[in-house]
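Here the structure comes first, spelled out in structure tokens, and everything after it is commentary.
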Amino acid sequence: MGSRALLSLALALWAGLAAAGGPLFLWELQDARGVLRGWLYGTIHVCDAACFPLPAPVREALAAADSLALELDPADPALGPALARAGMLPPERRLDEHLPPALRPRLVAALAAVGVADASAQRMQPWLLGTLMTLQAARLAGFHTEQGVDLWLATQARARGLPLWSLETVERQIAALSAGGDAAQLASLVEVIELIEQQSGSRYFGAMLDAWRQGDPAALDRLMREEMAGPGTEPLLADLLDQRNAEMAEVISARLQHGPRPFIAVGAGHFGGPAGLLERLAQRGWRPVQVVEGGE
């Protein structure tokens with residue numbers, strides 16, 4: 001199997017699907033005395049109608065929260081323009097100049113397969129183009145940003161007048177998406193092209209969804225780091241996941257100290273493994289307790 005790092009970037013975090021029962025991608029965050037201080041929920045940024053309604057314990061936790069925290073507010077009008085500015089090449093440059101000659105016709109074919117114009121693609125940085133192509137592949141499989149769980153949560157918060165705050169800045173996410181150096185960025189773009197060439201998106205999406213439905217962050221972490229990522233993308237993942245996990249855990253921990261009980265929603269791919277949010281928060285003295293639907 002070819003590796004799929006940028007697939008894991010965009011689907012990183014395929015969560016939020018309602019489960020019939022069993023463990024959810026939702027954790028209570030308790031202090032050392034076992035007192036509930038907030039909730040941590042894994043989300044996806046693209047989904048379909050099957051994501052909704054979210055499981056009852058998720059909706060109940062959101063209703064009981066004092067605020068909603070997201071990586072970024074998906075409705076922030078500054079988000080799109082900032083990504084566009086950072087993701088465009090200088091006017092005199094073309095993407096082909098950054099690609100090995102043998103990769104160029106493969107890129108053209110992959111762009112056509114997902115409905116992205118080559119002329120537009122030539123203006124983009126590799127990280128922005130790879131993200132766009134992955135989202136287009138997801139759309140063709142029936143999953144859309146308009147039905148993303150983060151967007152739904154933000155809409156609910158605004159409707160209720162619930163304070164909404166961001167764990168990161170737009171600039172930090174752009175830095176993470178473009179991290180790792182030229183070689184890692186090229187490796188990520190190649191993986192997206194291979195995904196499209198092999199028409200294997202639905203299979204990989206399904207594996208991610210299965211890990212979510214089982215409430216298993218360890219399985220999801222293995223999929224992302226072993227099945228969907230190769231050695232060439234390790235510098236990218238080190239910043240995109242590991243370093244950001246450390247930073248977000250610090251922000252979350254500081255917020256939990258203040259007393260209010262926030263509902264914190266982060267892409268589910270940030271949860272598992274020794275560098276994941278669950279472990280990072282445990283190291284800071286918090287007790288993440290997974291919520292089970294229909295049982296203890």
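A short reminder: the numbers here are calculations on the coordinates, not readings from a lab. Quantities reported herein were computed from a predicted structural model and do not represent experimental measurements. Positions of Cβ are generated from backbone atoms using ideal geometry, with glycine treated the same way; all protein chains shown enter the neighbour counts.
Put the Cα centre of region 179-210 next to the Cα centre of region 254-284 and the gap is 27 Å. For region 5-293, the residue among 198, 269, 56 whose Cα projects farthest onto the positive side of the dipole built from Cβ charges is 56.
Placing a pseudo-label 7 Å from each Cα along the Cα-to-Cβ vector at residue 96 and residue 160 gives an inter-label distance of 5.3 nm.
Looking at the chain, the DSSP beta bridges with both ends there are about 50 percent antiparallel.
Estimated from the Cβ-Cβ distance and a Förster radius of 30 angstrom, the FRET efficiency linking residue 290 and residue 123 is about 0.10.
The ranking of 92, 279 from fewest to most other beta carbons within 10 Å of each one's beta carbon is 92, 279. When shorter helices are ignored and each DSSP H run of at least 4 residues is given -39500 (n - 2.57), the per-residue value for the chain at 222 nm works out to -13500 deg cm²/dmol. Compared with the dominant principal axis of the Cα atoms in the chain, helix 126-140 is inclined by about 70°. Ordered by the count of other Cβ atoms within 10 Å of each Cβ, fewest first, 186, 24, 107 give 186, 107, 24. Going from the fewest other Cβ atoms within 10 Å to the most, the residues 270, 144 appear in the order 144, 270. Treating r as the C-beta distance of residue 257 and residue 145 and R0 as 35 Å, the FRET efficiency rounds to 0.55. The residues neighbouring residue 165, those whose beta-carbon lies less than 12 Å from its own, together hold a net charge of -4 under the Lys/Arg +1, Asp/Glu -1 convention. Here the relative contact order of region 220-296, from alpha carbon pairs under 8 Å that lie six or more residues apart, stands at 33 percent. For the chain, modelled as a GNM whose springs connect Cα atoms under 10 angstrom apart, the maximal fluctuation among 42, 21, 276 occurs at 21. Extension gain, residue 76 to residue 282, is 71.1 nm, computed as 0.36 nm per intervening residue step minus the present C-alpha separation. Relative to the longest principal axis of the C-alpha atoms of the chain, give the angle of the C-alpha long axis of helix 149-160, reported between 0 and 90° and rounded to the nearest 10°. Orientation of helix 149-160: about 50 degrees from the principal axis.
FRET efficiency for the pair residue 109 and residue 32, taken as 1/(1 + (r/R0)^6) with r the Cβ-Cβ distance and R0 = 51 Å, rounds to 0.35. Return the whole-Å distance between the Cα centroid of region 60-122 and the Cα centroid of region 128-165. So the two Cα centres are separated by 14 Å.
Using C-alpha pairs below 8 Å separated by at least 6 residues, the relative contact order for region 5-293 is 39 percent.
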